[in-house]
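Worksheet: one structure, shown below.
The values are calculated or read from the model by the stated rules, or taken from the named source; none is laboratory data. All figures in this text were calculated on a predicted structure; none of them were measured in a lab. Cβ atoms come from the backbone with ideal geometry, glycine included; neighbour counts cover every protein chain shown. In case anyone asks, the SASA skips ligands and DNA or RNA and just uses the protein heavy atoms, side chains included. Shrake-Rupley method; radii C 1.70, N 1.55, O 1.52, S 1.80 Å.
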Amino acid sequence: MQTFIQLGATTLQIGAVYVLFSLGLTLIFGVMRIVNFVHGHIFAVAALVVAYLLPILVGGGLAAPAAYVVASACGIAVSLALGAIIYLFGFRYFQRDLVGSFILSIGLVLLLDGVLLHVFGGAVRGVPEIFPGSVNIAGAQITVQRLFLCGVAFLMAGILYWTLGHTKLGRALRAVAYDHEAAMMMGVPYARIAFFGFLIASLLAAIAGALIAPVSIVSPVIGTDYLIKGFIAVIIGGLGSVPGAILGSLFVALVETLGGYYFDSSYAAIAIFALVIVVLLFRPKGMMGRA
Amino acid sequence: MLKSTSTISWLVFAGAALLLSLLLQDLYLRSVLNLIAISALLAVSLRFVMLMGELNFAIAAFVGIGAYAAGYMSTAMEVPFWLAILIAGIGTGIVSAAFGAVTLRAKGPYFLLIGFAFTEAIRVAYSKVPALGGTSGMVGIFPPIAMDPWMPFFVMATVIVLLLIFFILERSDFGRVLFAIREKEEVARSVGINTFIYKIATIAFACFAAGIAGGLHAFVNNVISPGDFSYLMAAFALAYVKVGGEDHFFGPILGAIFLVSLSAYSLGFGGDEHFIYGGAIVLVVLLLPKGAVGAIANMRPKKAHVKGGGHAALEQ
């Protein structure tokens with residue numbers, strides 16, 4: 001029983017970041033029909049900026065939590081600026097063009113790989129502990145940092161869910177995802193809504209990056225791993241589906257946790273792929289996908 | 001089947017390429033030429049699947065399967081090297097047909113992303129098999145010593161034969177069915193074409209070529225490791241297709257020649273491969289959406305469309 005609670009807690013911790021990450025992917029796909037491989041780099045930039053600034057700020061005499069908040073704000077701002085530039089000068093011209101936008105995103109991935117390696121160097125960075133200590137919940141040991149991560153991630157997912165359901169912007173996003181031409185005829189400003197959708201998705205990725213920095217080792221290639229898992233999560237859940245992304249992320253995290261506990265963690269990558277194939281055999285559009 | 005002008009241009013280009021592969025003596029230049037030939041084959045294979053409207057991102061995994069199969073047969077079973085490459089290609093084609101039979105039920109973004117996931121899963125799988133050398137990979141994959149001076153010629157000749165088959169397939173009825181599948185699969189089905197079989201055959205042949213490319217890669221490099229076959233290999237192949245121009249058969253080949261030469265040249269100055277490829281893709285996608293071949297074709301005065309409107313309708 002103890003083991004199950006601990007495994008469940010681990011699943012939620014890993015899954016929390018996947019949820020944030022894949023919500024962005026599914027939002028961008030839903031609104032713009034774009035497969036955005038740059039998402040991993042927007043995530044990585046935020047994590048890298050936090051890992052870069054934090055030791056400097058702490059060294060300058062700031063308390064660790066305050067330094068973390070400042071560094072995170074900077075990281076998220078840099079990532080959002082990057083997202084805005086990428087949208088305005090690139091993806092804006094490739095909406096609903098699956099192949100074209102994908103090729104552009106691959107080009108940007110390679111380009112940013114080169115840039116990040118230049119700016120931050122290839123070395124992995126460790127980030128000092130922000131919130132020390134751990135708590136005991138129903139017999140499972142969870143560090144306070146991880147608990148904080150989970151809390152923020154699920155809070156953000158909740159806010160997004162509420163925004164999509166209850167605000168004017170959310171309704172516009174859903175209308176555009178459902179049928180963008182009909183939405184435009186109803187007076188939804190598609191170009192502006194798509195831009196907002198892209199920024200919200202980038203914001204989610206940036207928050208995920210800032211959250212992961214203190215609990216993981218940060219390197220310029222950190223995004224690729226999350227990109228693979230995030231896309232698998234949205235394939236399982238159904239591209240464009242918000243509940244699908246959440247469900248798929250938790251599913252992937254569960255397989256990874258169980259695989260890592262009972263076998264070797266690298267077998268989890270193969271197990272997850274097998275899972276995708278099984279899902280596709282029965283539901284070619286994912287569990288929550290629309291035909 | 002081939003028109004006389006294309007026969008002549010094929011003879012000229014193939015002859016020049018083969019002559020170059022025989023004349024080059026510098027070891028570094030020979031390795032660059034091998035890399036260009038293998039890259040061109042991958043790019044054309046990727047474009048062949050694009051003819052039916054799908055992006056085969058699993059191509060990197062199939063190159064890896066071919067390379068590992070050829071390497072294992074050569075080092076552990078002492079199969080003659082040309083036979084090892086051939087069996088590796090055929091084996092890869094069979095595996096890809098099974099892969100296609102499952103994944104081609106999905107389309108577009110799903111197919112693309114499954115290929116991406118497959119590539120990464122297979123890469124983890126190699127590193128788990130001790131017989132394949134684990135994470136550090138396989139070493140000592142050599143062609144016979146007598147073959148060594150002829151290797152660039154052998155690679156080039158193999159690649160040219162496969163390119164010619166791709167070319168003939170594209171110009172044949174098979175190619176027309178692929179165009180039909182891309183434009184409107186339902187219409188192709190409505191006239192009694194079993195599009196699913198065509199799609200699997202397309203993947204199988206494209207990946208047969210990818211497997212051969214992998215076998216050649218193994219014997220040219222002598223060393224292979226799981227890191228060689230990441231999704232970046234597919235991304236690079238996509239760069240060749242896009243920079244050269246995807247509307248024309250020779251586009252990807254030109255793209256491979258240009259980008260591989262450029263990166264080999266700039267590596268001498270400490271240039272970064274990712275940066276060059278990424279920059280080239282972004283610039284071309286934003287500025288020359290039809291690639292280099294498309295840009296050249298645009299500069300020429302437009303000829304009247306005599307050869308029927310069919311082709312014009314296919315260009316979007």
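The set of residues from region B:137-159 being among the β-branched types (Val, Ile, Thr) and over 17 Å from B:Leu23 (Cα atoms) comprises B:Val139, B:Ile141, B:Ile145, B:Thr158, B:Val159. Per this entry, A:Ile106 is counted among residues that are under 29 Å from B:Met50 (Cα atoms), crowded, with 23+ Cβ neighbours inside 10 Å and at the interface with chain B (Cβ under 9 Å from one of its Cβ atoms).
Residues of region A:87-103 being open to solvent by less than 20 Å² (accessible area, probe 1.4 Å) and either within 30 Å of A:Leu12 (Cα to Cα) or facing chain B (nearest Cβ under 10 Å) (or both), which ones? Those that are open to solvent by less than 20 Å² (accessible area, probe 1.4 Å) and either within 30 Å of A:Leu12 (Cα to Cα) or facing chain B (nearest Cβ under 10 Å) (or both): A:Gly90, A:Gly100, A:Ser101, A:Phe102, A:Ile103.
Exactly one residue out of B:Ile65, B:Ile94, B:Ile87, B:Ile168 is at pLDDT 90 or above, part of a helix (DSSP H, G or I), away from chain A (no Cβ under 14 Å) and touching a Ser or Thr at 6+ places or on another chain (Cβ under 6 Å), and it is B:Ile65.
When the criteria are applied in full, B:Ala67 meets the requirement of being open to solvent by less than 40 Å² (accessible area, probe 1.4 Å) and touching a His at 6+ places or on another chain (Cβ under 8 Å). A:Tyr267 passes every criterion in (1) within 19 Å of B:Ala121 (Cβ to Cβ); (2) crowded, with 22+ Cβ neighbours inside 10 Å; (3) among the hydroxyl-bearing types (Ser, Thr, Tyr) apart from (2). For region A:209-247, a tally of residues being open to solvent by 20 Å² or more (accessible area, probe 1.4 Å), hydroxyl-bearing (Ser, Thr, Tyr) and at pLDDT 85 or above returns 2. Screening the candidates A:Val31, A:Val69, A:Val45 for the property of being under 18 Å from A:Arg125 (Cα atoms), assigned to a helix (DSSP H, G or I), more than 10 Å from every other protein chain (Cβ to nearest Cβ) and aliphatic (A, V, I, L, M) yields one hit, A:Val45. Scanning region B:103-114 for residues that are assigned to a helix (DSSP H, G or I) and either within 9 Å of another protein chain (Cβ to nearest Cβ) or at pLDDT 90 or above (or both) yields a total of 7. Entry remark, region B:209-259: residues being crowded, with 20+ Cβ neighbours inside 10 Å, within 14 Å of another protein chain (Cβ to nearest Cβ) and not charged (D, E, K, R) number 19 in total.
Among the residues examined, B:Gly100 qualifies as part of a helix (DSSP H, G or I), more than 9 Å from every other protein chain (Cβ to nearest Cβ), closer than 27 Å to A:Asp225 by Cα and modelled with pLDDT of 90 or more. Number of residues in region A:175-207 that are without any contact (Cβ under 8 Å) to a residue 40 or more places away in the chain and open to solvent by 50 Å² or more (accessible area, probe 1.4 Å) equals 10.
Within region A:220-267, being part of a helix (DSSP H, G or I), facing chain B (nearest Cβ under 9 Å) and of a type in the set (A, V, I, L, M, F, W, C) holds for A:Leu227, A:Ile228, A:Phe231, A:Ile232, A:Val234, A:Ile235.
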